[in-house]
1. Using r as the Cβ-Cβ distance of LEU255 and SER280, and R0 as 22 Å, what FRET efficiency do you calculate, to the nearest 0.05?
2. Could you order the peptides 61-68, 240-247 from most to least packed, using the average number of other C-beta atoms within 10 Å per residue?
3. Among 302-310, 12-20, how do they line up by average Cβ neighbours within 10 Å per residue, starting with the highest?
4. Need one word for region 239-294: rounded, prolate or oblate. Basis is the Cα gyration tensor (sqrt eigenvalues a ≥ b ≥ c); a/c below 1.5 gives rounded, then a/b vs b/c decides.
5. Assign one of three labels to region 101-175, namely rounded, prolate or oblate, based on the Cα gyration tensor with a ≥ b ≥ c the square roots of its eigenvalues; rounded applies when a/c is under 1.5, prolate when it is not and a/b is larger than b/c, and oblate otherwise.
6. Please find the FRET efficiency linking GLN16 to LYS124, where r is the Cβ-Cβ separation and R0 is fixed at 22 Å, and quote it to the nearest 0.05.
7. Only helical DSSP H runs with n ≥ 4 go in: add -39500 (n - 2.57) per run for the chain, normalise by residue count and round the 222 nm mean residue ellipticity to 500 deg cm²/dmol.
8. Which residue fluctuates most in the GNM of the chain (Cα springs below 10 Å): THR48, THR139, THR94?
Amino acid sequence: MKTLSVSHLLGIKYLQLEDLHLIFETATHFKEVINRPIKKVPSLRDITIANLFFENSTRTKLSFELAEKRLSADVINFSAAQSSVKKGETLIDTVNNILAMKVDMVVIRHPNPGAAHFLSKHVKSCIINAGDGTHEHPTQALLDAYSLLEKWGDLKGKRIAIVGDILHSRVALSNIYALQMLGAEVRLCAPKSLLPKHIKELGVSTSYDLEQTLRWCDAANMLRVQNERMDLGYFPSTREYSQSFGLNGNLLKKLRKEIVILHPGPINRGVEITSEVADSSQAIILDQVENGVAIRMAIIYLLAAKLNIPIQ
């Protein structure tokens, strides 16, 4: 059996191209499984996984939990809001107490960049990063790339635009790493205030013109404005942001070509994307959601294979 080059999933930055291909190949197998009448396999019957979410999440948390249950793992869900973290308990103490219950893998979302990497150095468990602050969100990038591969077969030479709040996005960085590894060209489009200063060092181009960017690209990943991470005014108003960087049906018609539309969710309808576009045939947003379960099943399965615990 082929194995991953890593023992944790901390970020796309730490993966090799062969890892991406193995994850996608395994996800294709599991996608076939979850479309059967009986959607469960006994692969991880002896594995216990803890989902530790120190930030609010709906889709990612549900997707991981469903992936784990489809693989027959035992699942523990932890929410910081109802935990001893509120009493001052440290991250390491929280995780070690959970691991004392004989947990094999930890899926963690945390508001601090580097939290997953920090944990991997200090606790004896397999760590999967479900998003760390504004740093990385590796499983989202993998499901985005996989959804595009399903559409096109290959990403070499494809032009992908990432539009919106790049500054506060963990999705953007992970996508840049994954798409470039697969041979795509990446352009970031956002107001100047929402582009990190040294982002061009990652080998991407930048633009402040949405229409020109859409004419350039084959696919556009529309990121939402993350108001919850903003303590300053990064643009005059939501209305003005939408007029300059919101994707609507009229803009798409002006292109005279079909581009693929992605969105990592949750969607702010009428801000970064209109309902007309989000619900159109060019959008693969619901494919992304379905593929998220298969991708996360693949990652959990492949990492479990490195735990020296028999898997089916």
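1. Plugging the Cβ-Cβ distance into 1/(1 + (r/R0)^6) gives 0.95.
2. So the peptides 61-68, 240-247, ranked by packing, come out 61-68, 240-247.
3. Highest-to-lowest ranking by the protection proxy: 12-20, 302-310.
4. Taking the square roots of the gyration eigenvalues as a ≥ b ≥ c, region 239-294 is oblate.
5. Judged from the Cα gyration tensor, region 101-175 comes out oblate (a/c at least 1.5, b/c at or above a/b).
6. With R0 = 22 Å, the Cβ-Cβ based efficiency is 0.35.
7. Value at 222 nm, helices only, nearest 500: -11500 deg cm²/dmol.
8. Judging by the Gaussian network model, the answer is THR94.
Each reported figure results from applying straightforward, stated rules to the coordinates on display, with no laboratory input. Computed from a prediction, not measured in an experiment: that's the story for all the values here. All Cβ positions, even for glycine, are placed from backbone atoms using ideal geometry, and neighbour counts span all protein chains on display.
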